[in-house]
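The values are calculated or read from the model by the stated rules, or taken from the named source; none is laboratory data. As the structure is a prediction and not an experimental result, all values here were calculated from the model. Every residue, glycine among them, receives a Cβ derived from its backbone with ideal geometry; neighbour counts consider all protein chains shown. For the accessible areas, the whole protein counts, side chains as well, though only heavy atoms, and no ligand, DNA or RNA atoms are used. Shrake-Rupley method; radii C 1.70, N 1.55, O 1.52, S 1.80 Å.
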Amino acid sequence: TSVSTTGKFNAGTVPVTLTWAGAASKGFNLIGNPYPSHLTWTKAFVDDVTNAALIEPSIYYRTNTGDVNSGGNAAWSFKTYNSSTDEFSPAGTTNIIPPMQAFWIRAKAAGTLNLDSKLTLSHQSSNPMKVPAMKNNDRQRVRLEVSNGVRTDETLLLFDQNAADGYDAFDSPKFAEASSEVQIFTTVEDEKLVMNGMKNLPLNQEISLGFIPGNANSFIIKANEITNLPTDVKVILIDKATRIETDLTDGNTVYSFIPVTTVGDRFSVIFRTSSSVNAVDNLDDKVNMNVFVDANKQINVSGCIGTNCKIVVCNAIGQKLIDMNSTGTTTTINKVLKAGVYFVTLNVAERISTKKLIIN
């Protein structure tokens, strides 16, 4: 389509009015690149004192990786860039916005955002939105991708000493897509995240993954990037509906599944050290139970709702070592056990599950 315009090209500061409907609102505003050149979303712009109080550091845009707008191989999806971390999701996204391209930002308050010289203007010989932008640094990161055979979605876990484990500028909220679209995300402080920045790699601890199946009925999950993880750390995906654990560390293994109704997050991921646990065998799985050993060599048991569940740990010859009530959804048993074979039993309202745990 050819579009005729009149008037002068924008060159200086351009004010943009942002709306915000209060703490209960998502705060997303759709704006556009008002310049006749490409616009680069920069950390200097977002960190400006005025802007930092007005907007979050991420931008979002919707683009099509197919050849047609609808039908055929059309594949529309949201891309996310975070200026605080200089990270993208999915990989291949960039922070360069073509002329007249619309993009979303998230407001913290209503006000006027001035697009000014802190945003770099440039000319590009190709469409930069589809140019892969592979990174080469020491930051640890894991990308998890879900696919229904037609559409994919991704969540990024990254680890940086400057990040906090709570919600901060190193996190990017997930754009609120339609429930008909397949989606995967992590959650921090009730925020669904497409990019989750944490201070340290949480070894042997579950990180919950939210999953929305959309209109599809079969899926695969894989790790399409694993960068700078220690050689003895495995990336383990846990399906809480089936209790199946899948090692995704090689980047090629995929977990195939169909939607199953579950309470809460469908999946979790564990960065498991190979020296901590050799195996966990399901002996009697009547409860949605998971057992792992953390970096302090303490047993963690999840699967209880509240504090009214009974946990019993016995050694290989049947001696009862621990008999306690749960302390929450996940209970850490404050006792270091030496190498050996143990049996962990969880009793939830007379429904009992037992797992055999081997500790090196």
task: Please report the relative contact order for the chain, taking Cα pairs under 8 Å with a sequence separation of at least 6, and give it as a percent rounded to a whole number.
output: 12 percent
query: Between Ala176 and Thr227, what is the spin-label point distance in nm, taking each point 7 Å from the Cα along the Cα→C-beta axis?
result: 3.1 nm
query: Tell me, what is the 1.4 Å probe accessible area of Ser84, in Å² to the nearest 10?
result: 20 Å²
task: Set the Förster radius R0 to 22 Å, insert the Cβ-Cβ distance between Asp265 and Gln298 as r into 1/(1 + (r/R0)^6), and round the FRET efficiency to 0.05.
output: 0.45
- line: The rounded separation in angstrom of the Cα centers of segment 302-360 and segment 17-73 is 48 Å
task: Report relative contact order for segment 1-130 in percent, whole number only (criteria: Cα-Cα under 8 Å, sequence separation at least 6).
output: 40 percent
field: Zero-based 10 Å bins, Cα pair distances in segment 132-192, whole percents
entry: 17, 47, 30, 6
Choice from Thr17, Thr85, Thr187 showing the highest fluctuation, given a GNM over the chain with Cα pairs closer than 10 Å: Thr17
- line: Computed from the beta carbon distance with a Förster radius of 51 Å, FRET efficiency for Asp250 and Thr6 to the nearest 0.05 stands at 0.35
query: PRE reach from Ala109 (point 7 Å along Cα→Cβ): which of segment 13-37 fall under 13 Å by backbone N?
result: 20, 22-23
query: Ordering Asp168, Asp247 by how much accessible area each has at a 1.4 Å probe, largest first, what is the list?
result: Asp247, Asp168
query: Can you flag which of Lys240/Lys310; Lys43/Lys108; Lys240/Lys297; Lys174/Lys335; Lys192/Lys356 are past 27 Å Cα-Cα?
result: Lys174/Lys335; Lys192/Lys356
- prompt: Using a 1.4 angstrom probe and counting only protein chains, how large is the accessible area of Phe28 in Å², to 10?
  reply: 40 Å²
task: Kindly provide the helix-only [θ] at 222 nm of the chain, computed as the sum of -39,500 (n - 2.57) over DSSP H runs of four or more divided by all residues, to the nearest 500 deg cm²/dmol?
output: -500 deg cm²/dmol
- request: Kindly report, to the nearest 10 Å², the accessible surface of Lys240 as traced by a 1.4 Å probe over protein heavy atoms only.
  value: 40 Å²
Rounded FRET efficiency, nearest 0.05, which uses the C-beta distance separating Ser117 from Ile322 and R0 of 51 Å: 0.20
- request: May I ask you to rank Asp190, Asp160, Asp239, Asp165 by accessible area, largest first, using a 1.4 Å probe over the protein chains only?
  value: Asp190, Asp165, Asp160, Asp239
field: Ranked order, Ile322, Ile258 - accessible area, probe 1.4 Å, largest first
entry: Ile258, Ile322
